[in-house]
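Below is one structure, written out as C-alpha coordinates, with a few remarks after it.
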Amino acid sequence: MTLIRWSESRDDRTELQPCSICTATDSACGDNGFTHTGRRWEIGITWPGSTFGRAEAVLDGACRATVEDLHLPDRIGPDRLLYRGACVGCGWAADRHHRRDSNSAIEDALPDWRRVPIVERLAHDASNKQRDRWLAQVADLYAAHSLELQYAPGAGGVIRTMRTGCGTRSHWSHGFYDVCAGVIDDVVRLDTGKQMELF
(Lines give C-alpha, C1' and ligand atoms only; values in the text may rest on other atoms or scores of the structure.)
Protein backbone atom coordinates (compact mmCIF):
# COMPACT_ATOMS: atom_id res chain seq x y z
CA MET A 1 0.00 0.00 0.00
CA THR A 2 1.35 3.41 -0.99
CA LEU A 3 1.23 5.94 1.82
CA ILE A 4 0.01 9.40 0.86
CA ARG A 5 1.23 12.34 2.89
CA TRP A 6 -1.45 14.66 4.24
CA SER A 7 -0.02 17.73 2.48
CA GLU A 8 -0.10 15.90 -0.87
CA SER A 9 -3.67 14.59 -0.60
CA ARG A 10 -5.30 17.81 -1.92
CA ASP A 11 -4.00 20.71 -3.96
CA ASP A 12 -5.03 23.28 -1.36
CA ARG A 13 -2.86 21.50 1.23
CA THR A 14 0.27 22.31 -0.77
CA GLU A 15 -0.46 26.01 -1.32
CA LEU A 16 1.54 28.10 1.15
CA GLN A 17 0.21 31.36 2.58
CA PRO A 18 2.72 34.13 3.35
CA CYS A 19 4.30 33.37 6.72
CA SER A 20 3.27 35.49 9.71
CA ILE A 21 6.43 34.53 11.62
CA CYS A 22 9.20 35.13 9.07
CA THR A 23 9.52 36.83 5.67
CA ALA A 24 8.76 33.79 3.49
CA THR A 25 5.93 34.26 1.00
CA ASP A 26 5.44 31.29 -1.36
CA SER A 27 8.43 29.12 -0.42
CA ALA A 28 9.87 27.28 2.58
CA CYS A 29 10.66 29.32 5.69
CA GLY A 30 14.32 28.35 6.02
CA ASP A 31 17.36 27.11 4.15
CA ASN A 32 16.78 23.53 5.31
CA GLY A 33 13.22 23.41 3.88
CA PHE A 34 11.12 23.72 7.05
CA THR A 35 7.76 25.51 7.00
CA HIS A 36 6.25 27.34 9.96
CA THR A 37 2.88 26.01 11.03
CA GLY A 38 -0.36 27.54 9.80
CA ARG A 39 0.77 28.44 6.27
CA ARG A 40 -1.41 25.81 4.58
CA TRP A 41 -4.42 23.70 5.49
CA GLU A 42 -3.12 21.24 8.09
CA ILE A 43 -4.44 19.22 11.02
CA GLY A 44 -4.45 21.31 14.19
CA ILE A 45 -2.16 20.15 16.99
CA THR A 46 -4.97 18.88 19.26
CA TRP A 47 -7.02 17.04 16.61
CA PRO A 48 -6.95 13.40 15.43
CA GLY A 49 -4.22 12.69 12.91
CA SER A 50 -1.88 15.35 14.26
CA THR A 51 1.66 14.15 14.77
CA PHE A 52 2.55 17.14 16.97
CA GLY A 53 5.23 18.16 14.45
CA ARG A 54 7.25 14.93 14.78
CA ALA A 55 6.51 13.88 11.20
CA GLU A 56 3.92 14.64 8.59
CA ALA A 57 0.58 12.85 8.87
CA VAL A 58 -0.26 10.20 6.30
CA LEU A 59 -3.65 8.93 5.15
CA ASP A 60 -4.20 5.67 7.01
CA GLY A 61 -7.47 4.48 5.42
CA ALA A 62 -9.36 4.55 8.76
CA CYS A 63 -12.32 6.92 8.49
CA ARG A 64 -11.99 9.39 11.39
CA ALA A 65 -13.17 12.97 11.52
CA THR A 66 -10.64 15.71 12.18
CA VAL A 67 -10.31 19.48 11.94
CA GLU A 68 -7.87 21.42 9.79
CA ASP A 69 -6.90 25.04 10.23
CA LEU A 70 -5.30 27.74 8.13
CA HIS A 71 -3.85 31.06 9.28
CA LEU A 72 -4.52 34.19 7.21
CA PRO A 73 -1.62 36.56 7.87
CA ASP A 74 -3.41 39.59 6.40
CA ARG A 75 -6.14 39.42 9.08
CA ILE A 76 -6.02 40.60 12.69
CA GLY A 77 -7.33 38.78 15.77
CA PRO A 78 -9.58 35.68 15.77
CA ASP A 79 -10.51 36.16 12.10
CA ARG A 80 -6.97 35.08 11.18
CA LEU A 81 -7.86 31.42 11.68
CA LEU A 82 -10.10 29.31 9.43
CA TYR A 83 -11.35 25.82 10.30
CA ARG A 84 -12.81 23.03 8.17
CA GLY A 85 -13.83 19.42 8.78
CA ALA A 86 -11.76 16.65 7.20
CA CYS A 87 -11.13 12.88 7.27
CA VAL A 88 -7.85 11.38 8.47
CA GLY A 89 -8.40 8.19 6.48
CA CYS A 90 -9.11 9.38 2.94
CA GLY A 91 -8.16 13.07 2.97
CA TRP A 92 -11.68 14.39 2.31
CA ALA A 93 -12.24 18.01 3.34
CA ALA A 94 -15.43 20.04 3.68
CA ASP A 95 -16.19 22.74 1.15
CA ARG A 96 -17.20 25.17 3.89
CA HIS A 97 -14.68 27.15 5.95
CA HIS A 98 -15.49 28.53 9.39
CA ARG A 99 -13.97 31.52 11.14
CA ARG A 100 -13.43 31.19 14.90
CA ASP A 101 -15.66 28.10 14.96
CA SER A 102 -14.14 24.63 15.21
CA ASN A 103 -17.52 23.26 16.38
CA SER A 104 -19.05 23.84 12.95
CA ALA A 105 -16.06 22.18 11.30
CA ILE A 106 -16.63 19.06 13.43
CA GLU A 107 -20.30 19.11 12.44
CA ASP A 108 -19.35 19.15 8.75
CA ALA A 109 -17.24 16.01 9.27
CA LEU A 110 -19.90 14.25 11.41
CA PRO A 111 -23.18 15.56 9.93
CA ASP A 112 -25.54 13.30 11.89
CA TRP A 113 -24.08 14.20 15.29
CA ARG A 114 -27.47 15.48 16.50
CA ARG A 115 -28.84 11.91 16.30
CA VAL A 116 -26.31 10.82 18.92
CA PRO A 117 -27.98 10.30 22.32
CA ILE A 118 -26.78 12.33 25.31
CA VAL A 119 -24.58 10.24 27.61
CA GLU A 120 -22.90 10.60 30.98
CA ARG A 121 -19.34 11.87 30.67
CA LEU A 122 -16.46 9.54 31.40
CA ALA A 123 -14.89 10.49 34.72
CA HIS A 124 -11.60 12.31 34.21
CA ASP A 125 -9.85 9.86 36.56
CA ALA A 126 -11.45 6.67 35.16
CA SER A 127 -9.23 3.61 34.98
CA ASN A 128 -8.56 1.87 31.66
CA LYS A 129 -10.97 -0.90 32.67
CA GLN A 130 -13.73 1.61 33.45
CA ARG A 131 -13.04 3.44 30.19
CA ASP A 132 -13.26 0.19 28.16
CA ARG A 133 -16.56 -0.73 29.86
CA TRP A 134 -17.94 2.77 29.23
CA LEU A 135 -16.91 2.69 25.54
CA ALA A 136 -18.59 -0.71 25.11
CA GLN A 137 -21.82 0.55 26.71
CA VAL A 138 -21.89 3.66 24.51
CA ALA A 139 -21.18 1.56 21.39
CA ASP A 140 -24.14 -0.71 22.27
CA LEU A 141 -26.37 2.34 22.80
CA TYR A 142 -25.35 3.78 19.42
CA ALA A 143 -25.95 0.45 17.67
CA ALA A 144 -29.45 0.39 19.19
CA HIS A 145 -30.03 3.83 17.60
CA SER A 146 -28.75 2.55 14.21
CA LEU A 147 -25.81 4.96 14.19
CA GLU A 148 -22.89 4.17 11.91
CA LEU A 149 -19.66 2.92 13.46
CA GLN A 150 -17.85 6.18 12.71
CA TYR A 151 -19.99 7.90 15.37
CA ALA A 152 -18.98 5.51 18.17
CA PRO A 153 -16.36 6.95 20.53
CA GLY A 154 -14.21 3.83 20.16
CA ALA A 155 -13.92 4.63 16.43
CA GLY A 156 -13.00 8.28 16.97
CA GLY A 157 -16.63 9.40 16.86
CA VAL A 158 -18.64 11.69 19.10
CA ILE A 159 -20.46 11.84 22.40
CA ARG A 160 -22.94 14.50 23.50
CA THR A 161 -22.76 15.59 27.12
CA MET A 162 -24.38 18.20 29.32
CA ARG A 163 -22.00 20.90 30.55
CA THR A 164 -21.78 23.40 33.35
CA GLY A 165 -20.66 27.00 33.36
CA CYS A 166 -18.55 28.25 30.47
CA GLY A 167 -17.23 24.87 29.29
CA THR A 168 -19.32 24.53 26.13
CA ARG A 169 -16.58 24.11 23.51
CA SER A 170 -16.56 20.84 21.58
CA HIS A 171 -13.19 19.16 21.86
CA TRP A 172 -11.18 16.04 21.15
CA SER A 173 -10.69 14.01 24.33
CA HIS A 174 -9.78 10.40 25.12
CA GLY A 175 -9.92 9.46 21.42
CA PHE A 176 -13.35 10.94 20.53
CA TYR A 177 -15.19 14.26 20.21
CA ASP A 178 -17.06 15.53 23.25
CA VAL A 179 -19.80 17.87 21.97
CA CYS A 180 -21.86 20.08 24.26
CA ALA A 181 -25.54 19.05 24.23
CA GLY A 182 -26.66 21.81 26.60
CA VAL A 183 -25.85 23.67 29.79
CA ILE A 184 -27.08 22.83 33.27
CA ASP A 185 -27.04 25.24 36.19
CA ASP A 186 -24.55 23.94 38.72
CA VAL A 187 -24.77 26.90 41.08
CA VAL A 188 -26.00 25.89 44.51
CA ARG A 189 -27.53 28.87 46.28
CA LEU A 190 -27.51 28.94 50.06
CA ASP A 191 -29.97 31.38 51.58
CA THR A 192 -28.89 31.56 55.20
CA GLY A 193 -30.20 35.04 55.84
CA LYS A 194 -26.87 36.22 57.28
CA GLN A 195 -23.23 36.59 56.36
CA MET A 196 -21.32 33.32 56.69
CA GLU A 197 -18.59 33.50 59.30
CA LEU A 198 -15.15 32.51 58.01
CA PHE A 199 -13.35 32.18 61.36
task = Sort 8-17, 85-94 for me by packing, meaning the mean count of neighbouring Cβ atoms within 10 Å per residue, highest on top.
result = 85-94, 8-17
query = R0 = 35 Å: FRET efficiency of Arg133 with Asp26, Cβ-based, nearest 0.05?
reply = 0.10
task = With +1 on each Lys and Arg Cβ and -1 on each Asp and Glu Cβ, and nothing else charged, work out how big the dipole of the stretch 2-44 is about its Cα centre, in Debye to the nearest 20.
result = 120
query = How high is the relative contact order of the chain, given as a whole-number percent (alpha carbon pairs under 8 Å, six or more residues apart)?
reply = 13
ask   = In the chain, how does Rg compare with the Kirkwood Rh, expressed as the Rg/Rh ratio over alpha carbon atoms?
value = 1.08
query = What is the spin-label model distance, in nm, from Asp125 to Leu141 if the labels are put 7 Å beyond Cα along the C-beta direction?
reply = 2.3
note = Note to self: with every protein chain in place and a 1.4 Å probe, the chain gives an accessible area per residue in Å² of 62
inquiry  = Please list 3J(HN,Hα) in residue order for the stretch 56-71, calculated via the Karplus relation 6.51 cos²θ - 1.76 cosθ + 1.60 where θ = phi - 60°; whole Hz, with x for glycine and proline.
reply    = 7, 5, 10, 6, 9, x, 8, 5, 9, 6, 8, 10, 9, 9, 9, 8
message = Using 0.36 nm times the number of residues separating Ile45 and Asp112, minus their current alpha carbon distance, what extension gain do you get?
response = 21.6 nm
query = Once you sort the root eigenvalues of the Cα gyration tensor of the stretch 38-121 as a ≥ b ≥ c, which label holds: rounded (a/c under 1.5), prolate (a/b larger than b/c) or oblate (the other case)?
reply = oblate
ask   = For the stretch 78-162, rounded, prolate or oblate, judged on the Cα gyration tensor with a ≥ b ≥ c (square roots of eigenvalues), a/c < 1.5 rounded, else prolate if a/b > b/c?
value = prolate
request  = Specify the angular offset, from 0 to 90 degrees and rounded to the nearest 10, of the alpha carbon long axis of helix 128-144 from the longest principal axis of the alpha carbons in the chain.
outcome  = 90
remark   = With the charge dipole of the chain built from beta-carbon charges (+1 for Lys and Arg, -1 for Asp and Glu) about the Cα centre, the Cα from Ala65, Ser104, Val138 projecting farthest to the positive end belongs to Val138
task = Mind putting a number on the dipole of the stretch 1-159 about its Cα centre? Charges go on the C-beta only, +1 for Lys and Arg and -1 for Asp and Glu, and I need it in Debye to the nearest 20.
result = 380
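The values are calculated or read from the model by the stated rules, or taken from the named source; none is laboratory data. The shown structure was predicted, so the numbers you read here are calculated from the model rather than taken from an experiment. Every residue, glycine as well, gets a Cβ built from its backbone with ideal geometry; the counts of neighbours run over all protein chains shown. Accessible surface is based on the protein model in full, side chains and every heavy atom, while ligands, DNA and RNA are left aside. Shrake-Rupley method; radii C 1.70, N 1.55, O 1.52, S 1.80 Å.
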